[in-house]
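Notes follow once the structure below has been shown.
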Amino acid sequence: MQRPYHIIAIVSIIMLALFISCNPVSKYIYTDEVLGWEEDIARFDSLNRTEHADENTLLVTGSSSVRLWDSIHTDMLPYRVIQRGYGGAKLTDYNYYAERVMGPYPYRAILIFVANDISGREQDRTPREVLLLYKTLIKKIRQERPDTPVFWIEITPTPSRWHAIDQIRKANSLIEAYCGRDTNLYFIHTADTYLNQSGMPDSTFFRDDMLHLNRQGYLLWAREIKTSLHEAGIDPR
């Protein structure tokens, strides 16, 4: 007859296996696509040794729209920011590299924009998977920063990805509902800012690729982000 602790051990192993198999990160974490960002993340390792941030600094981080925001330090004044964006970041690889991207600093708040998990391609994540990946990321953040406010910047309705707008809106809606259940999680509404009177993306706010924001687009982004920060009580110090 097996002793009780043997049964407990077997049950624990089964539960661990189920957790790993159901974890949305574990399915993708060691793929070539994820590990291919190592060079970009190594650059952040270097920046984290030379740049300085404190409890009054905002971290603005995520995918290429963050990386290409060349005027961020001016546009976000009087806030002080650390900028950490890379290429075609997805929540899968961001989960893997999160600690290195964010660095060792204490931040006033963390603002995240990751928009490539749903792009209208066959290999897209579902809105539910996007939500689960974001929940996983929040758990990682909370391990080191249990009280830091975290803001999700709404995925922009771009002309080039308009064919995937229903899935994008569903993902945004799920994340907004999740943020609404936590006093330290926030959702920054930006999508309507980029739609014209017909409810379609206004191309005047985008670069020629119809995916990334141009100068006017970034000015609108900064305005909406700063408004949301103020409403959350995150004012410049």
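The numbers here are math on the coordinates, done by the rules we state, and not lab data. None of the values given here were measured: they were computed from a predicted structure. Reconstructed Cβ throughout: ideal geometry from the backbone, glycine too, with neighbour counts over all protein chains shown.
Assorted remarks:
- In sequence order, calculated HN-Hα J values of segment 77-85 (Karplus, 6.51, -1.76, 1.60; Hz; x Gly/Pro): 4, x, 6, 9, 10, 10, 9, 9, x
- Normalised by the number of residues in segment 106-212, the average gap of Cα pairs under 8 Å and 6 or more apart makes the relative contact order 31 percent.
- Cβ-based exposure ranking for 51, 224, 122, in which fewest neighbours within 10 Å come first: 122, 51, 224
- Residue 202 long-range amide H proximity, modeled H, under 5 Å: 195, 196
- Degrees between helix 91-102 axis and first principal axis of the chain (Cα, 0 to 90, nearest 10): 80
- Only Cα pairs under 8 Å and 6+ residues apart enter the sum, and on that basis the relative contact order of the chain stands at 18 percent.
- Taking Lys and Arg as +1 and Asp and Glu as -1, the other residues whose beta-carbon sits under 12 Å from that of residue 43 total -1.
- Taking a point 7 Å out from the Cα of residue 54 in the direction of its Cβ, the residues of segment 197-237 whose backbone N falls within less than 14 Å of it are 237.
- Percent of alpha-carbon pairs separated by more than 29 Å within segment 31-231: 17
- The angle separating the long axis of helix 38-50 from the principal Cα axis of greatest extent in the chain is about 70 degrees.
- Cut-off under 5 Å, modelled amide H: who pairs with residue 111 long-range: 59, 60, 61, 151
- Computed from Cα positions, the angle between helix 4-22 and the longest principal axis of the chain comes to roughly 30 degrees.
- Residues with amide H under 5 Å from that of residue 187, placed H, sequence gap 5 or more: 152
- The 3J(HN,Hα) values that the Karplus relation (6.51, -1.76, 1.60; θ = phi - 60°) gives for segment 115-130 are, in residue order, 10, 10, 6, 10, 9, x, 10, 4, 8, 4, 7, 7, x, 5, 5, 4 Hz. Gly and Pro appear as x.
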